[in-house]
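The values are calculated or read from the model by the stated rules, or taken from the named source; none is laboratory data. Source: prediction; values computed, not measured. Cβ sites come from the backbone with ideal geometry, for glycine too, and all protein chains shown count toward neighbours.
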Amino acid sequence: MKHDFSIEKLKILRHDLQMLADDESFPSATRDALQKSLSKLDEAVNIFGANTEQLRLAAIYRVSQAIESSLDLDQVLTQVMDAVISLTNAERGFLMLVDTETQGLNLRAARNIEQETLQSEKMEISRTVIESVLKTGQGVVTTDAQTDPRFSGRESVLFYGLRSLMGAPLIVRGKVIGVIYVDNRAQSGMFTRNDLDLLSAFASQAAIAIDNAYLFTRTDQALAARIGELETLTQIDGELNASLDLERVLEITHRRAIQGTDANLAWVFLSDEAGSRLSLAMGPTQSQPNINELLVNVSPMRSQVIPISDNQNNRVIVPLSHVGKLIGALVLESAEQFTDAHVQFLRRLAGRAATAIENARLYQAVQQANLAKSKFVSVVSHELRVPMTSIRGYTDLLRQGVAGKANDQQLEFLEIIRNNVERMSVLVSDLSDISRIETGRLQLETSSLHLKRYVEETVQRLQSRLDEKEQSLTLNIPDNLPTISADPNRLVQVLTNLISNANKYTPSKGSLSVQARVEGNHVRIDVSDTGIGIDSSDQQKLFSQFFRSEDEMVREQQGWGLGLNVTKQLVELMGGSIGLQSKSGLGSNFWFTLPIREVQIE
Ligand code: ADP
């Protein structure tokens with residue numbers, strides 16, 4: 001059986017008894033006895049009242065503990081509802097929150113009452129109470145709705161026997177955000193002002209919980225949005241950094257600007273070479289904004305987003321600036337207003353895009369300069385070759401005495417001319433190879449070759465130089481070595497470069513060797529010497545153009561520092577790799593590999 005022994009009911013009972021005790025028509029003995037009983041009742045009320053107050057405080061404490069320890073709003077609201085029901089001895093109750101968007105009410109916690117019931121006409125009176133609480137921000141209590149002039153006329157009061165009901169507002173920062181309601185059908189005198197105070201106390205607890213949860217969700221949402229944006233920006237950075245191609249960078253900027261702001265249209269403008277005017281680089285040509293007019297007062301020093309209205313749609317213009325220089329602009333058009341978040345995103349995107357665009361442009365300029373250089377070298381080397389051949393030819397004729405016998409001094413001078421022309425022709429040939437490799441015009445004619453034959457041929461050609469320095473050369477090329485895939489002329493060029501270096505940078509009477517062996521699906525060729533060696537800091541730069549060691553022994557030798565660069569590029573073009581081991585003063589070992597290509601037996 002439900003315990004309906006509340007302090008308020010005792011007080012009402014006491015009030016009725018006091019009236020009897022004060023009624024002088026009763027015999028005085030009866031009134032005295034009544035008065036005595038009343039004193040005892042007072043004691044009981046006091047004790048009971050103190051207990052009830054403690055219970056209430058304990059319940060409020062429990063709920064506020066729950067609010068502190070839980071961020072689960074529904075869980076807290078359910079606890080609030082449970083505490084309200086048990087402390088007010090209500091029969092049923094619910095808690096509703098105002099929907100911030102629709103202004104309608106959403107049921108968030110209910111006890112002994114269903115959603116359907118809430119909507120039915122049985123609840124008409126509850127709705128009246130709720131509306132009044134929402135409108136006035138004041139709590140409502142009635143101990144007997146049947147006789148309360150505010151409600152007694154209502155059908156639901158009569159038909160559904162509603163007697164006691166209470167409602168209290170949930171207030172956050174002065175705004176009513178919801179309501180807690182409890183009622184009781186059978187009994188009158190159920191709720192008192194004290195109960196309403198209690199309900200209000202719980203209502204403010206619930207309001208705190210809701211506010212906490214709201215703030216938490218808002219912070220959480222803001223954090224999630226920021227993390228989301230950072231992730232997007234990281235992806236954009238990755239995409240932009242992965243490309244030095246201007247077209248691609250523009251495409252990424254254009255696409256990302258639209259995606260990040262839900263815009264309908266976007267245009268990317270870039271400055272011309274003089275940096276004075278911007279012209280369209282990406283985006284639809286029709287309806288493009290008149291960017292140069294729009295940018296008249298824009299300071300490139302400040303990253304900014306300027307809203308413009310030269311059209312019925314919303315447009316923003318985002319200058320693209322790099323080290324204080326205006327290099328372009330991004331314009332976006334949307335049917336919707338651009339939000340602060342969009343603007344922030346565009347500023348960040350613009351910073352990144354500007355750097356990527358500038359890098360791509362610089363890279364493009366470097367590439368163009370490099371191409372121009374290669375073309376220049378190619379033209380010059382071609383033009384030099386013709387007169388050099390002629391000088392070489394006439395020098396040889398003079399040496400042979402075709403124009404009359406030359407004396408010893410003349411022969412010596414002719415020899416010097418010949419040597420210098422030879423030097424020049426090596427340079428011109430290396431330069432021409434480099435320019436052809438760089439412009440992709442070097443054609444390889446690869447076939448299946450027996451390495452041994454080409455090594456022997458090369459050594460033979462260089463034999464006189466080896467003899468001059470009394471250097472020995474050991475060959476160790478197995479006969480059964482598989483055939484390799486290479487361009488024969490280029491293979492000889494590579495071998496010549498390496499063996500002549502070994503010869504140049506090894507003192508007289510030193511030893512050289514050429515060995516070959518299979519390594520995986522390649523043949524590895526090692527050219528070793530007992531020469532001056534290369535210190536480790538020089539080894540890093542060895543394959544770059546025009547590098548020559550500062551060593552005196554190196555400077556004594558003729559050379560341009562191009563041979564190893566050409567050699568490396570040729571080996572790599574033929575599908576191999578190149579490297580070295582060397583120690584200063586202890587000789588060097590240069591190795592390179594070439595792919596095996598067995599001769600097809602038909
Ligand atoms: P060059 O021989 O015309 O200087 P290379 O590109 O062939 O140009 O070689 C670059 C530099 O590498 C040489 O100047 C020299 O310092 C070093 N080098 C190359 N081969 C050897 C070697 N076998 N021993 C010592 N140093 C070498």
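Can you name every residue in region 233-244 that is under 25 Å from VAL366 (Cα atoms) and loosely packed, with under 13 Cβ neighbours inside 10 Å?
Of all residues in region 233-244, those under 25 Å from VAL366 (Cα atoms) come to 236-244.
Those that are under 25 Å from VAL366 (Cα atoms) and loosely packed, with under 13 Cβ neighbours inside 10 Å: GLY238, ALA242.
Quick check, is ASP535 near the ligand (Cβ under 9 Å from one of its atoms) and touching a residue at least 24 places away in the same chain (Cβ under 8 Å)?
Working: near the ligand (Cβ under 9 Å from one of its atoms): no; touching a residue at least 24 places away in the same chain (Cβ under 8 Å): yes.
Here the answer is no, as ASP535 does not meet what is asked.
Test each condition in (1) outside any helix (DSSP H, G or I); (2) out of contact with any strand residue (DSSP E or B) (no Cβ under 7 Å at 6 or more places or on another chain); (3) among the aliphatic types (A, V, I, L, M) for LEU564 and report the one that comes out false.
Failing condition for LEU564: (1).
If you go through region 545-567 one residue at a time, how many are free of Cβ contacts under 8 Å to residues at least 60 places away in the same chain and near the ligand (Cβ under 9 Å from one of its atoms)? Break it down stepwise before answering.
First pass over region 545-567, keeping only residues free of Cβ contacts under 8 Å to residues at least 60 places away in the same chain: 546-557, 559, 561.
Then keep just the ones that are near the ligand (Cβ under 9 Å from one of its atoms); that gives 546-551, 553-555, 557, 559, 561.
Residues meeting the conditions: 12.
Would it be correct to say that ASN497 is within 8 Å of the ligand (Cβ to nearest atom) and either at pLDDT 95 or above or in contact with an Asp or Glu (Cβ under 6 Å, 6 or more places away or on another chain) (or both)? Please lay out each step first, then the result.
On the way: within 8 Å of the ligand (Cβ to nearest atom): yes; either at pLDDT 95 or above or in contact with an Asp or Glu (Cβ under 6 Å, 6 or more places away or on another chain) (or both): yes.
Taking the combined requirement at face value, the residue satisfies it.
Cβ contacts < 8 Å: first residue farther than 14 Å from LEU473 by Cβ, restricted to region 494-507; second residue hydrophobic (A, V, I, L, M, F, W, C) and within 7 Å of the ligand (Cβ to nearest atom), any location; separation 6+ or different chain. Result?
As it stands, the answer is ASN497/LEU564; TYR505/ILE532; TYR505/VAL554; PRO507/ILE532, since those pairs meet every condition given.
Scanning region 568-577 for residues that are surrounded by fewer than 17 Cβ atoms within 10 Å (Cβ to Cβ) and not in a loop (DSSP other than H, G, I, E, B), which turns out farthest from the ligand (Cβ to nearest atom)?
LEU573
Among the residues of region 273-281, is there at least one that is assigned to a loop (DSSP other than H, G, I, E, B), in contact (Cβ under 8 Å) with a residue 40 or more places away in the chain, over 30 Å from ILE60 (Cβ atoms) and charged (D, E, K, R)? I'd like the intermediate steps shown before the answer.
Here is the first cut: in region 273-281, the ones assigned to a loop (DSSP other than H, G, I, E, B) are 273-277.
Then drop every residue that is not in contact (Cβ under 8 Å) with a residue 40 or more places away in the chain, which leaves 275.
Filter again for over 30 Å from ILE60 (Cβ atoms), leaving 275.
Those left that are additionally charged (D, E, K, R): none.
There is no residue in region 273-281 that is assigned to a loop (DSSP other than H, G, I, E, B), in contact (Cβ under 8 Å) with a residue 40 or more places away in the chain, over 30 Å from ILE60 (Cβ atoms) and charged (D, E, K, R).
Which residue, of LEU230, LEU198, is buried (at least 20 other Cβ atoms within 10 Å of the Cβ), part of a helix (DSSP H, G or I) and of a type in the set (A, V, I, L, M)?
LEU198
Residues being in a loop (DSSP other than H, G, I, E, B) and touching a helix residue (DSSP H, G or I) at 6+ places or on another chain (Cβ under 8 Å): count how many of those fall in region 442-477. Spell out the reasoning first.
Restricting attention to region 442-477, the residues satisfying the condition of being in a loop (DSSP other than H, G, I, E, B) are 442-446, 450, 469-471, 477.
Restricting the remaining residues to those that are touching a helix residue (DSSP H, G or I) at 6+ places or on another chain (Cβ under 8 Å) gives 442, 444-445, 469, 471, 477.
The qualifying residues number 6.
Give region 500-531 a look and list any residue that's within 8 Å of the ligand (Cβ to nearest atom), touching an Asp or Glu at 6+ places or on another chain (Cβ under 6 Å) and assigned to a loop (DSSP other than H, G, I, E, B), or say none.
The one that is within 8 Å of the ligand (Cβ to nearest atom), touching an Asp or Glu at 6+ places or on another chain (Cβ under 6 Å) and assigned to a loop (DSSP other than H, G, I, E, B): THR506.
Right, GLY520: free of Cβ contacts under 8 Å to residues at least 60 places away in the same chain, small (Gly, Ala, Ser) and either closer than 19 Å to LYS583 by Cα or buried (at least 16 other Cβ atoms within 10 Å of the Cβ) (or both) or not? Please lay out each step first, then the result.
On the way: free of Cβ contacts under 8 Å to residues at least 60 places away in the same chain: yes; small (Gly, Ala, Ser): yes; either closer than 19 Å to LYS583 by Cα or buried (at least 16 other Cβ atoms within 10 Å of the Cβ) (or both): no.
Spelling it out, it is not the case that GLY520 is free of Cβ contacts under 8 Å to residues at least 60 places away in the same chain, small (Gly, Ala, Ser) and either closer than 19 Å to LYS583 by Cα or buried (at least 16 other Cβ atoms within 10 Å of the Cβ) (or both).
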